[in-house]
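S.K.: Sharing a structure here in structure tokens format.
The values are calculated or read from the model by the stated rules, or taken from the named source; none is laboratory data. None of these values were measured; they are calculated from a predicted model. Backbone-built Cβ (ideal geometry, glycine too); neighbour counts: all protein chains shown. Surface areas here come from the heavy atoms of the whole protein model, side chains and all, with no ligands, DNA or RNA. Shrake-Rupley method; radii C 1.70, N 1.55, O 1.52, S 1.80 Å.
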Amino acid sequence: MAEISRRILFQALPAAAGATFGATPAAAAGTATGGAAVAEPISVQADGITLIAEEGGSILVRDDADRLRLSHFMIKDSVLGQQRTFGGTPSLVTVDGKPAIQVDYVMSASAQQVKVRGLFTVSARRAHLRWEVSGSATLTPSGFMFARAVLGPSAPERYVPVTRWTRDPRGGVPYEVNAGALYQETWTDTAAFFRLDKTTPGFTNATWIHAPATTGTVTEAELVLGAMRPSAANGIATGLPLSVDAWCDQPFGLYEPNASMRLRAQVVNGSATERSVRLSWCARDFDGRKAAHGALTRTLAPGAVWDETFTVGGSPQGILFAEVKAVADDTDEAFARTNLATLKPYDYQAEGRFGVANYFWMLVPDKESVGALMRRIGVKSVRIAYDGAPGHSPAELDALGVPHNVQLGGVIFNGTPEQIAAWADDRAAIARASGARYFEVANELNNPWMQGKRVPEYIRDGLKPIHDRLKDSGIKLMNCGLGGMDTVWTAKFIEAGGWDLIDGFAIHPGRGNFTPDYAPPPEEWEQGENGTYWNFLGALREARRTIDEQGGGKELWLTEAYACTRPNRWWNDNHRQAAENVLLTLALAVSEGVDGVNWYQPHDSTIHHPQEADPANPEYHFGLMNRDTSAKAALLAYATATRILEGARFVRWLTFPDPELKGLLFDGFSILWSRKDGYLQHADHGTDQWYPHKEAWADHWPTKTPLLLPAGGATVREVDCIGRERTLPVYNGKVRVVLDGAPRVYYGLSE
């Protein structure tokens, strides 16, 4: 950092970047009773923010009211442990020619060698917070924290990861990257945002914010005051010349049919000069048509925030992919995306085969809205629910009419009898208390795949103890859900007696860049991260064959099924492919007599990094909803499939003179598609994992096959993967359909 002058300032400094700065030293300000001088507190101020150094070293943050108090700093040391400050001495100094408050903190007697110094500067609506730690060679900077007290908030503190949309210069679809993390404090009239490069929200509590060192043993953070969106605060905090955010006030961006939908946008001029900003927007439907678009221009002062709302009409059912872009003086550009969708109402029956794996752990915007969404899309099973688990409690799921199971692991391999008994007693008690219908004992213990390791140990130390404790409970048992249809592990499991201990066989038929109906036989499966072992229908058929061969009436559960949308990777689906594959996946599951399918998972991002972004990690892209909780096309496809397949009876596979045309016949409808373009998605990929995905609205099937089919009525109803319907006319008992690789549902065809 720049060298700090200890010269105390007695007058205001010139304004910089559109802000005015001032400083007040500790000096005699009058005479109190008895003639004693009363010292004014040290303070620094800029437009919209004032920092006041209080006696004892705390920093009071004000705008037109007292908002926050910054009091202590906590270090972590591998020898000294966690040590906090106990007050400090403030002084007024200069940093880069601007007034600053410096606090030299007092440490406890057991950590006197440690020195902590705070430096606090201001600019318009923003404070820069810096803590320097020295004096110990055994510091653990990743564990640093600072204390804050929020004065009279109107809502609890909220952790908000911030992302930024970016485009790959090689092409493909845009994607989000992490751009910092915020803790938002809220009052009825304004907000404050602590901005850090990194933080672990699980380490933050009501007193301390986890603030790991940014460089060496120095922690830096920004504090922004003002009524604005987190993205805008992040732009101000980081000095971005231009930032933009796009969102929808409606939960999940999901509206009723034909509703008027509102797209919100906020632009921030983060530069130090006035700028002309052009704001443009566009919303495309699933076919790429522009449902609405426009552009506006406005001159923005430094730090100015511009809010705008655009309205677009909805369809009976469908999705719009919206982008908002801001350009300033033709030099700086920022953009953001979100989705808006409409979904028809539907009255689900009590029973159902389809659910979600794990839980709706991210209760955004709130638990009530998420619960309503579960009912709206036909969630009839939650894989994991017990008191203390994330998401809805068993009682709350019961109130929603959503059955629930338990999956718990932690098997103590080769433990003592006492350890194993204690583990099994605990897990069995949780299952009983939760009211679970099924207990899936552990998860993917067949990793490494197709090697059959630790199977007898799993049965002895995990499955059998749970079986013995729950055998009269009415709770059905499933094996640890297998990653892929692991024939080696399964054979050893059967040989070791595990088959007789389970009521349901659980697998996770993972899928790579293959369509769900790709079904190579097990002897052709190739191993490896990108091997054909990761196919869906082939795995499903092998699981069905095993159950039929072994007998005993075992159920078949897919406790994880998915369509990963990691951007610009040939191994994973683009968003349109994912929607198509959700429908076909669930239809194929019903065709093979599956008893339950749990979709993995409700949200993009992960439970340990909620609403963060990682374009390279597939675990961040398995959701039915985007990171911002707006609906993916896959969510509409899930709802479409659960509605069409609810109570459906599979009849047979359809055959055509052209073997590349495919179909599933159910009682009352058919699902048809073509494989003239093959079973491989992104078949033209190179050796690099990167592959330019098409946009969700771009058709990716080049071959269209017209086909005349018999039909009994005057019309045939066609439904696509996201639930959009159209009516096809019938002439002389025939209807003309056009098939490609996308599955479509047809009502009114004759067998």
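S.K.: Being open to solvent by 10 Å² or more (accessible area, probe 1.4 Å) and closer than 26 Å to Gly303 by Cα is the filter here; which residues of region 125-135 pass it?
M.R.: Arg125, Arg126, His128, Arg130
S.K.: Ok, one more. Name the residue that is farthest from Val133 (Cα to Cα), counting only residues in region 46-90 that are open to solvent by less than 20 Å² (accessible area, probe 1.4 Å) and charged (D, E, K, R).
M.R.: In this case the residue turns out to be Arg67.
S.K.: Name the single residue, out of those in region 499-528 being more than 18 Å from Ala683 (Cβ to Cβ) and open to solvent by 50 Å² or more (accessible area, probe 1.4 Å), that is modelled with the lowest pLDDT.
M.R.: Gln527
S.K.: Among (1) touching a Leu at 6+ places or on another chain (Cβ under 7 Å); (2) open to solvent by 30 Å² or more (accessible area, probe 1.4 Å), there is one condition Gly388 misses while meeting the rest; what is its number?
M.R.: (1)
S.K.: Does at least one position in region 175-182 carry a residue that is open to solvent by 20 Å² or more (accessible area, probe 1.4 Å) and more than 30 Å from Glu323 (Cβ to Cβ)?
M.R.: No - not one qualifying residue is present in region 175-182.
S.K.: May I ask you to list the residues in region 137-174 that are open to solvent by 30 Å² or more (accessible area, probe 1.4 Å), among the hydrophobic types (A, V, I, L, M, F, W, C) and more than 23 Å from Trp208 (Cα to Cα)?
M.R.: Ala137, Trp165
S.K.: Within region 224-266, which residues are of a type in the set (Lys, Arg) and closer than 21 Å to Leu196 by Cβ?
M.R.: Initially, region 224-266 is screened for residues of a type in the set (Lys, Arg), giving 229, 262, 264.
Once the filter is applied, which keeps residues that are of a type in the set (Lys, Arg) and closer than 21 Å to Leu196 by Cβ, region 224-266 yields only Arg229.
S.K.: Looking for something open to solvent by 30 Å² or more (accessible area, probe 1.4 Å), of a type in the set (A, V, I, L, M) and in contact (Cβ under 8 Å) with a residue 40 or more places away in the chain - is there at least one such residue anywhere in region 722-741?
M.R.: no
S.K.: Can I ask one more? Report, ordered by the first and then the second residue, all pairs with beta carbons closer than 8 Å, sequence separation of six or more or different chains, a first member in region 631-653 that is farther than 19 Å from Cys721 by Cβ and of a type in the set (A, V, I, L, M), and a second member that is open to solvent by less than 50 Å² (accessible area, probe 1.4 Å) and not in a helix (DSSP H, G or I).
M.R.: Val651/Leu665; Val651/Phe666
S.K.: Go through region 422-470 and report how many residues are open to solvent by less than 60 Å² (accessible area, probe 1.4 Å), of a type outside the set (Asp, Glu), in contact (Cβ under 8 Å) with a residue 40 or more places away in the chain and assigned to a helix (DSSP H, G or I).
M.R.: Within region 422-470, residues that are open to solvent by less than 60 Å² (accessible area, probe 1.4 Å), of a type outside the set (Asp, Glu), in contact (Cβ under 8 Å) with a residue 40 or more places away in the chain and assigned to a helix (DSSP H, G or I) number 13.
S.K.: A further question on this structure: Which of the numbered conditions does Gly663 fail, given that it passes all the others? Conditions: (1) within 20 Å of Thr532 (Cβ to Cβ); (2) outside any loop (DSSP other than H, G, I, E, B); (3) of a type in the set (Gly, Ala, Ser).
M.R.: Tallying (1) within 20 Å of Thr532 (Cβ to Cβ); (2) outside any loop (DSSP other than H, G, I, E, B); (3) of a type in the set (Gly, Ala, Ser), Gly663 fails exactly one: (1).
S.K.: For region 533-558, which residues satisfy the criterion of being more than 31 Å from the chain's Cα centre (by Cα) and either without any contact (Cβ under 8 Å) to a residue 40 or more places away in the chain or at positive phi (or both)?
M.R.: Answer for region 533-558, where residues must be more than 31 Å from the chain's Cα centre (by Cα) and either without any contact (Cβ under 8 Å) to a residue 40 or more places away in the chain or at positive phi (or both): Arg545, Asp548, Glu549, Gly551, Gly552, Gly553.
S.K.: Which one of these is at negative phi and open to solvent by 40 Å² or more (accessible area, probe 1.4 Å): Glu612, Glu619?
M.R.: The match here is Glu619.
S.K.: Within the group Thr204, Thr190, which residue is within 21 Å of Ser243 (Cβ to Cβ), of a type in the set (S, T, N, Q) and open to solvent by less than 40 Å² (accessible area, probe 1.4 Å)? Explain how you work it out, then say what you get.
M.R.: Numbers: Thr204 fails: within 21 Å of Ser243 (Cβ to Cβ).
Checking each option against the conditions leaves just Thr190.
S.K.: Then there is this: Among the candidates Ala491, Ala496, single out the residue that is open to solvent by less than 70 Å² (accessible area, probe 1.4 Å) and either more than 17 Å from Asn414 (Cα to Cα) or acidic (Asp, Glu) (or both).
M.R.: Residue meeting the stated conditions: Ala491.
S.K.: Could you list, in sequence order, the residues of region 91-124 that are among the aliphatic types (A, V, I, L, M), part of a strand (DSSP E or B) and open to solvent by 30 Å² or more (accessible area, probe 1.4 Å)?
M.R.: Val106
S.K.: Look at region 474-485 and say how many of its residues are outside any strand (DSSP E or B) and in contact with a strand residue (DSSP E or B) (Cβ under 9 Å, 6 or more places away or on another chain).
M.R.: Taking region 474-485 first, the residues outside any strand (DSSP E or B) are 474-475, 479-480, 484-485.
Right, trim to in contact with a strand residue (DSSP E or B) (Cβ under 9 Å, 6 or more places away or on another chain) and you get 475, 479-480, 484-485.
Of the residues in that region, 5 qualify.
S.K.: Going by what's in this entry, would Phe360 be described as farther than 14 Å from Gly253 by Cβ, modelled with pLDDT of 95 or more and in contact with a Pro (Cβ under 8 Å, 6 or more places away or on another chain)? Can you show your working first?
M.R.: Numbers: farther than 14 Å from Gly253 by Cβ: yes; modelled with pLDDT of 95 or more: no; in contact with a Pro (Cβ under 8 Å, 6 or more places away or on another chain): yes.
The answer is no for Phe360.
S.K.: Out of (1) touching an Asp or Glu at 6+ places or on another chain (Cβ under 6 Å); (2) open to solvent by 50 Å² or more (accessible area, probe 1.4 Å), the odd one out for Trp701 is which?
M.R.: Among (1) touching an Asp or Glu at 6+ places or on another chain (Cβ under 6 Å); (2) open to solvent by 50 Å² or more (accessible area, probe 1.4 Å), Trp701 violates only (2).
S.K.: Please work out if Gln266 is surrounded by 20 or more Cβ atoms within 10 Å (Cβ to Cβ) and closer than 17 Å to Leu343 by Cα.
M.R.: no
To keep it simple, each residue is scored yes or no on (1) in contact (Cβ under 8 Å) with a residue 60 or more places away in the chain; (2) over 29 Å from Glu220 (Cα atoms); (3) in contact with a Leu (Cβ under 8 Å, 6 or more places away or on another chain).
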residue	(1), (2), (3)
Ile236	yes, no, no
Leu242	yes, no, no
Ala246	yes, no, yes
Pro257	yes, yes, yes
Leu263	yes, yes, yes
Asp285	yes, yes, yes
Asp329	no, yes, no
Glu333	yes, no, yes
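S.K.: Consider only pairs whose beta carbons are under 7 Å apart and that are at least six residues apart or on different chains; among these, list those whose first residue lies in region 158-185 and is within 18 Å of Trp247 (Cα to Cα) and in a loop (DSSP other than H, G, I, E, B) and whose second residue is of a type outside the set (Phe, Trp, Tyr) and open to solvent by 20 Å² or more (accessible area, probe 1.4 Å).
M.R.: Listed by first residue and then by second, the contacts come to Pro174/Thr166; Pro174/Arg167; Pro174/Arg337.
S.K.: Any chance you could count how many residues in region 533-558 are at pLDDT 95 or above and open to solvent by 20 Å² or more (accessible area, probe 1.4 Å)?
M.R.: So the answer is 10.
S.K.: Moving on. I need the strands (runs of 3 or more DSSP E) fully contained in region 201-255, keeping only those with at least 3 residues that are more than 29 Å from Val116 (Cβ to Cβ).
M.R.: 242-247
S.K.: Turning to a different aspect of this structure: Take the residues in region 207-225 that are of a type in the set (Gly, Ala, Ser) and on the phi < 0 side of the Ramachandran plot, then tell me which one is most open to solvent (accessible area, probe 1.4 Å).
M.R.: Ala213
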